[in-house]
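Participant: Here you go, one structure.
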Amino acid sequence: MKYIMRLSTGFLLVLMLALVGCADPDEETTAVDEPAPPPEPEPVTWRFALEEIEGSVQDAYAQEFARRLAERSDGMIEIEIYPYGSIGTSSQITEMMQSGALELAFASPGHLADAIPEVGVFTLHFVLSDDSEVNRQVLSDPRLHELFHEPYRDEDLQLLAIVQEGWMVWSGDKPLRTPEDFEDFRIRTMTSPILVESYRAYGANPTPMPYAEVYSGLQLGQIDGQVNPIFAIEEMSFYEEQDYLTSGRHAQFVATVAASRQWWDNLPEDQREMVEQTRDEMVDWIDREQIRYNEERLQAIIDAGGTEFVELTDEEREVFRELSVGVRDIYVDQAGERGQEILDTLLELVSEAEGD
Ligand code: 6CS
């Protein structure tokens, strides 16, 4: 009996100790308190930097992107837009995004290929279709985006969108109809090395410089001409210093929308989905807008007088096309195996879409 008593007393003691050991010291108080209400979600503000000024195609994209995201998130996502000039050059904007100081920015291959050689594919001539509808389809194809995922991530960026902004047009004090016209012609290009090669192949003297210096470069005679889509030639007033615009439809001006990798990786899933849905819905919208911008601005240049618009014939384009093909090898030397795969895929997607 004594033995049983001792046993049960010992058992009770162990049980009590175990219960005390398991108890949460705060539990006594929280058990009687009301559960704390979930914290109110706080609105967020994201910074979106542009490589173009207010009134540009990139500005139109960013404004609409901000409007749609504010609507989709019931006002919980606000986007502050920083047009070109408020932060720095394209390369400086990209560096800020890489370090996480900016959440979102446009990064066009003509500059970005310094850091990501693979993206230089969009600066090659006569690679995209003559039909801008085909290009829109190809540039938003997930099979193409997938191939840029790693190259962007390796540089602390997340690729979100690839956008065409209009046909590149050469401006100068003469029409540029033949490679002879390009001989020693000092054409300003964006800063990526592969772009420089495209103009060396035509016999020109390519002169890379930041966007902000082009107007004064033309005024001071440091360069003879430059190349950009019409809307940009109008809004940056380049046409005022040039007598001719020559359109060879040799390339589209392509830009990419990117995010800071670090920021993107820490973004709540629902916000990431909202960004992706908005991006997908804007593909057709921005393409219609860029076409309208380029048409209206060409008219504005012609109405202002003093600048003639010249379109190359198919035969004239063919001469440039032939000279441009060798530059693809230089691209592959710079961008390696991943670049080769991107180039092959791009060409395949174009011919597949042209066959539709
Ligand atoms: O020529 C440039 O540098 C610039 N052109 C356009 C149309 N957009 C941004 C880019 O930096």
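Participant: Sorting Leu323, Leu298 on the 10 Å Cβ count, fewest up front, what's the list?
Facilitator: Leu323, Leu298
Participant: Can you list the residues, at least 5 places off or on another chain, whose amide H is less than 5 Å from the amide H of Glu52, using H built in the peptide plane?
Facilitator: Tyr84
Participant: Also: Quote the charge dipole size of the chain about the Cα centre in Debye, to the nearest 20; the model charges only the Cβ of Lys and Arg (+1) and of Asp and Glu (-1).
Facilitator: On the way: 25 positive and 73 negative charges, 211 e Å.
Around 1020 debye, computed over the chain.
Participant: Now, a different point. Looking at the chain, what % of its DSSP beta bridges pair antiparallel, to the nearest 5? Mind showing how you got there, number by number?
Facilitator: Values: 20 of 38 bridges.
Among the beta bridges of the chain, antiparallel pairing accounts for roughly 55 percent.
Participant: Which of rounded, prolate, oblate describes region 110-241, given a ≥ b ≥ c as roots of the alpha-carbon gyration tensor eigenvalues and a/c under 1.5 marking rounded, otherwise prolate only if a/b is larger than b/c?
Facilitator: On the way: a/c = 1.89, a/b = 1.71, b/c = 1.10.
It comes out prolate by the Cα gyration axes.
Participant: Which loop GluC sites (Glu not before Pro) in region 190-296, with loop taken from DSSP, have no more than 10 other Cβ atoms within 10 angstrom of their Cβ?
Facilitator: Taking region 190-296 and a limit of 10 other Cβ atoms within 10 Å, no loop GluC sites (Glu not before Pro) are found.
Participant: Between the helical axis of 314-324 and the dominant principal axis of the chain, each derived from Cα atoms, what acute angle in degrees is found, rounded to the nearest 10?
Facilitator: Between helix and principal axis, roughly 60 degrees.
Participant: In Å, what Kirkwood hydrodynamic radius results for the chain from the alpha-carbon pair distances?
Facilitator: Working: mean 1/r = 0.0438 Å⁻¹.
Hydrodynamic radius (Kirkwood, Cα pairs) of the chain is 22.8 Å.
Participant: Calculated from DSSP H runs of 4 or more alone, at -39500 (n - 2.57) each and per residue, what is the 222 nm mean residue ellipticity of the chain, nearest 500? List each step's numbers first, then the result.
Facilitator: Working: 15 runs with 182 residues, N = 356.
Theoretical 222 nm ellipticity from helices: -16000 deg cm²/dmol.
Participant: Pairing the Cα long axis of helix 142-154 with the longest principal axis of the chain, what angle in degrees results, from 0 to 90 and rounded to the nearest 10?
Facilitator: 70 degrees
Participant: Another question about this same structure. Taking H placed 1.01 Å from N in the peptide plane, check which residues at least 5 places from Ala161 or on another chain put their amide H under 5 Å from its amide H.
Facilitator: Counting only residues 5 or more places away or on other chains, the set is Val257.
Participant: Under 13 Å from a label point 7 Å along Cα→Cβ of Asn205: give me every residue in region 155-187 with its amide N that close.
Facilitator: In region 155-187, the label zone of Asn205 (backbone N under 13 Å from the point 7 Å along Cα→Cβ) covers 182-187.
Participant: Let me ask something else about it. If the chain between Asp280 and Gln299 were fully stretched, how many nm would it gain, using 0.36 nm times the residue separation less the Cα-Cα distance? Intermediate values should be presented prior to the final figure.
Facilitator: Values: separation 19, 0.36 × 19 = 6.84 nm, distance 3.06 nm.
Net length gain for the segment: 3.8 nm.
Participant: Separation of region 147-194 and region 87-116 by C-alpha centroid, Å?
Facilitator: 16 Å
Participant: Could you give the length gained by full extension between Glu322 and Gln334, i.e. 0.36 nm per residue of separation minus their alpha carbon distance, to one decimal place? List each step's numbers first, then the result.
Facilitator: Values: separation 12, 0.36 × 12 = 4.32 nm, distance 2.07 nm.
Extending this stretch completely gives an extra 2.3 nm.
Participant: With axes computed from alpha carbons, what is the tilt in degrees of helix 269-304 against the longest principal axis of the chain, rounded to the nearest 10 within 0 to 90?
Facilitator: Value to nearest ten degrees: 20.
Participant: Continuing with the same structure: State, in angstrom, two size descriptors of region 54-145 derived from its alpha carbons: Rg to one decimal place and Dmax to the nearest whole number.
Facilitator: 15.3, 44
Participant: For the pair Glu213 and Glu180, how long in nm is the line joining their label points, each one 7 Å along Cα→Cβ?
Facilitator: If labels sit at Glu213 and Glu180, their model points lie 3.3 nm apart.
Participant: Between Trp46 and residues 5 or more places away or on another chain, which pairs have amide H atoms under 5 Å apart, with H built 1.01 Å from N, and which residues are they?
Facilitator: Glu78, Ile79, Glu80
Participant: Still on this structure, I have one more. HN-Hα J couplings of region 164-180 from phi, Karplus 6.51/-1.76/1.60, θ = phi - 60°, integer Hz, Gly and Pro as x?
Facilitator: 8, 10, x, 5, 6, 10, 8, 10, x, 8, 8, x, 10, 9, 9, x, 4
Participant: Can you find, among Gln242, Tyr293, Ser90, the residue farthest towards the positive end of the dipole of the chain? Put +1 on the C-beta of Lys and Arg, -1 on that of Asp and Glu.
Facilitator: Ser90
All of the numbers you see were taken from the coordinates with simple rules; none came from a lab. A quick note: this is a predicted structure, and the numbers were derived from the prediction, not measured. Every residue, glycine among them, receives a Cβ derived from its backbone with ideal geometry; neighbour counts consider all protein chains shown.
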